[in-house]
Structures are given as structure tokens and as C-alpha cells.
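A short worksheet on the structure shown next.
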Amino acid sequence: MDIEGAVDFHLNSRGVSVAVVIASLYAVLTVALGSFGYSWIQVRISEALTPLPFIFGPPAILGLTLGVVIANLFSPVGMADIIFGPLLTLIAAILSWKFSYGKRLIACTYPVVINALGVSAYIASFYGVPYMMSVVSIGVGEFIAAVLLGYPLLKALERTQLVHER
């Protein structure tokens, strides 16, 4: 699209490859860790990938969203997690891409805030725990994955040819 301010989501073969790799990694990491990634007390190590839209843009957004769909097909929470999990990831990914103002740390915090508040909205009732307890628990897990692991991942990837081959 040539309209000023519009977003071009056309993916070339590199973009498709990035999306597929991210989706695969996210799904495999989440499913492999089992209940550690599906409870109201969770640390989804795969959430370290959620800041990647900061450097990879739309391909990372697509990959993360598809990865969450696939991973949440295995969730004991059911349809709520299959529908709302990817939607929340999509929102956080777009924010990390478009509204980080060139700051990696801001890109890492969107998934923490969006998931802590959003995922807790349905996880708390499913597990029968108070909403705020779930917000804190999921927020801590997200912080560990998206900030403590995701930030160094961003810095490391920025030093590679993967990012500079655009």
C-alpha cells in the first residue's frame, strides 16, 4: 500500500520463514513445558519471543499469533484460551512493533501488561482464584519471560545478520 500511514502486511519468502520459525518455536516451547505454561501460576518461556515484533515487524506478529493458537489448542482452559490468548498476543505484538519508540524495554513490557491483565480475566475464573492474584502471578511470569529473557534475546538478535539482511 502506498497510502501514508497504512500498513503493508505483504510477506516475502523471508517474512514467511520468520513467521513459521517463530510460530514453531513458540508452540513447541509452550507445549513441551506442559502445565508450567497453562496455569494461573505460569512462566511461558516461549513468551521470550513476544518482543520480536520490535525488530521483525509483521512476520513476527503473524508468527507469534499463530504460535499461540497452536499452543493453546493444548490448553486445559479450552476455547477461552484458544480465542482470547491469540487476540491478546496480537494486540501486544502490534504495540511492541508500532509503539515502542525505538526502545527495546518498552517492546518487552507490552506483553507483560496485556497478558497479566487480559489472560487473568479468563484464567482466574477457570482456576477459581482472585483476579488480582492471577494478575500478579501471570505478570511475574511474563516479566521473567518477556523482559528478563526477551530483552537479552532482542539485543543478541540485533547483532546478527538475520536483522541486517532486510
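The values are calculated or read from the model by the stated rules, or taken from the named source; none is laboratory data. In this text the structure is predicted, and so the values were computed from the model without any measurement. Every residue, glycine as well, gets a Cβ built from its backbone with ideal geometry; the counts of neighbours run over all protein chains shown.
Go through VAL129, VAL135, VAL119 for me and flag whichever is surrounded by 14 or more Cβ atoms within 10 Å (Cβ to Cβ), of a type outside the set (S, T, N, Q) and part of a loop (DSSP other than H, G, I, E, B). Break it down into steps so the answer makes sense when it comes.
Working: VAL135 fails: part of a loop (DSSP other than H, G, I, E, B); VAL119 fails: part of a loop (DSSP other than H, G, I, E, B).
None of the other options fit; the residue is VAL129.
Mind checking whether some residue in region 36-46 is of a type in the set (A, V, I, L, M), at pLDDT 95 or above, assigned to a helix (DSSP H, G or I) and buried (at least 21 other Cβ atoms within 10 Å of the Cβ)?
Looking only at region 36-46, we keep the residues that are of a type in the set (A, V, I, L, M), and these are 41, 43, 45.
If we keep only those that are at pLDDT 95 or above too, we end up with 45.
So of that shortlist, the ones also assigned to a helix (DSSP H, G or I) come out as 45.
Applying the additional criterion that residues be buried (at least 21 other Cβ atoms within 10 Å of the Cβ) yields none.
Taking every residue of region 36-46 in turn, none turns out to be of a type in the set (A, V, I, L, M), at pLDDT 95 or above, assigned to a helix (DSSP H, G or I) and buried (at least 21 other Cβ atoms within 10 Å of the Cβ).
Residues being more than 14 Å from ASN115 (Cβ to Cβ) and touching a helix residue (DSSP H, G or I) at 6+ places or on another chain (Cβ under 8 Å): count how many of those fall in region 81-93.
Narrowing region 81-93 to residues more than 14 Å from ASN115 (Cβ to Cβ): 82-83.
Filter once more, so that each one left must be touching a helix residue (DSSP H, G or I) at 6+ places or on another chain (Cβ under 8 Å): 82.
Going through region 81-93 one residue at a time, the tally reaches 1.
It is to be established whether one or more residues within region 158-165 are of a type in the set (Ser, Thr, Tyr) and either within 16 Å of GLY85 (Cβ to Cβ) or within 17 Å of the chain's Cα centre (by Cα) (or both).
Here is the first cut: in region 158-165, the residues of a type in the set (Ser, Thr, Tyr) are 160.
Those still in the list that are either within 16 Å of GLY85 (Cβ to Cβ) or within 17 Å of the chain's Cα centre (by Cα) (or both) too: none.
No; the residues of region 158-165 include none that is of a type in the set (Ser, Thr, Tyr) and either within 16 Å of GLY85 (Cβ to Cβ) or within 17 Å of the chain's Cα centre (by Cα) (or both).
Only one of (1) assigned to a helix (DSSP H, G or I); (2) at pLDDT below 95; (3) within 28 Å of ARG159 (Cβ to Cβ); (4) polar (S, T, N, Q) fails for THR65. Which number is that?
Unmet condition: (2).
List pairs: first residue in region 68-94 and farther than 23 Å from VAL147 by Cα, second residue hydroxyl-bearing (Ser, Thr, Tyr) anywhere in the structure, Cβ distance under 6 angstrom, at least six positions apart or on different chains.
Partner pairs satisfying both residue conditions: SER75/TYR38; PRO76/TYR38; ALA80/TYR122.
Out of ALA156, ALA124, ALA146, ALA107, which single residue is assigned to a helix (DSSP H, G or I), of a type in the set (Gly, Ala, Ser) and without any contact (Cβ under 8 Å) to a residue 24 or more places away in the chain? Full working, then the answer.
Details: ALA124 fails: without any contact (Cβ under 8 Å) to a residue 24 or more places away in the chain; ALA146 fails: without any contact (Cβ under 8 Å) to a residue 24 or more places away in the chain; ALA107 fails: without any contact (Cβ under 8 Å) to a residue 24 or more places away in the chain.
Selected residue: ALA156, the only one of ALA156, ALA124, ALA146, ALA107 that is assigned to a helix (DSSP H, G or I), of a type in the set (Gly, Ala, Ser) and without any contact (Cβ under 8 Å) to a residue 24 or more places away in the chain.
I'm trying to understand the selection: among the residues of region 22-48, which are among the aliphatic types (A, V, I, L, M) and over 16 Å from VAL140 (Cα atoms)?
The first filter runs over region 22-48 and keeps only residues among the aliphatic types (A, V, I, L, M), leaving 22-23, 25, 27-29, 31-33, 41, 43, 45, 48.
Once the filter is applied, which keeps residues that are among the aliphatic types (A, V, I, L, M) and over 16 Å from VAL140 (Cα atoms), region 22-48 yields ILE22, ALA23, LEU25, ALA27, VAL28, LEU29, VAL31, ALA32, LEU33.
Return only the number of the condition from (1) buried (at least 16 other Cβ atoms within 10 Å of the Cβ); (2) at pLDDT below 95 that THR50 does not satisfy.
Tallying (1) buried (at least 16 other Cβ atoms within 10 Å of the Cβ); (2) at pLDDT below 95, THR50 fails exactly one: (2).
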